1. Taking the solvent-accessible surface of protein heavy atoms with a 1.4 Å probe, what is the per residue accessible area of the chain in Å²?
2. Relative to the compact-globule scaling 2.2 N^0.38 Å, provide the ratio for the alpha-carbon radius of gyration of region 1-86.
3. Once label points are set 7 Å from the Cα along Cα→Cβ at both Tyr41 and Ala83, what is their separation, rounded to one decimal in nm?
4. Subtract the Cα-Cα distance of Phe71 and Lys21 from 0.36 nm times their separation in residues, and report this length gain in nm to one decimal.
Amino acid sequence: MIIVTATITSNPGERDKIITKSQDLIESTRLESGCISYNLYASTEGDDILLMLEQWENLEVLETHMQTEHFKAFGVAIENFLARKLDIAVYSADKK
């Protein structure tokens, strides 16, 4: 299994715009083959911080996801609301 964390830091006061823009991405991604889970969480450490937590069956389906129109559209839709570049980490894990 592949786990992805993406920390999203918005400009002050623009977090809700990112949440709104993420709805199509989340709904569409959850329908993709190989997507185990795809969720957006608000941080308890800062009003402008969100965390996208993803689980994928393997790296190949994650790479396919990153080529979808809804993934690309989300990146374009939020670029003006970001305070900094997304902090993305990809992990390989075995469920025991």
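The values are calculated or read from the model by the stated rules, or taken from the named source; none is laboratory data. The structure displayed is predicted, hence computed values, not measured ones. Note: ideal-geometry Cβ built from the backbone for every residue, glycine included; neighbour counts use all protein chains shown. When the accessible area is computed, the model is the full protein with side chains, heavy atoms only, and any ligands, DNA or RNA have been set aside. Shrake-Rupley method; radii C 1.70, N 1.55, O 1.52, S 1.80 Å.
1. Values: 6150 Å² over 96 residues.
On a per-residue basis, 64 Å².
2. Values: Rg = 12.6 Å, N = 86, 2.2 N^0.38 = 12.0 Å.
Normalised Rg, Cα atoms only: 1.06.
3. Between Tyr41 and Ala83, the label points sit 1.9 nm apart.
4. Numbers: separation 50, 0.36 × 50 = 18.00 nm, distance 1.11 nm.
Here the answer is 16.9 nm.
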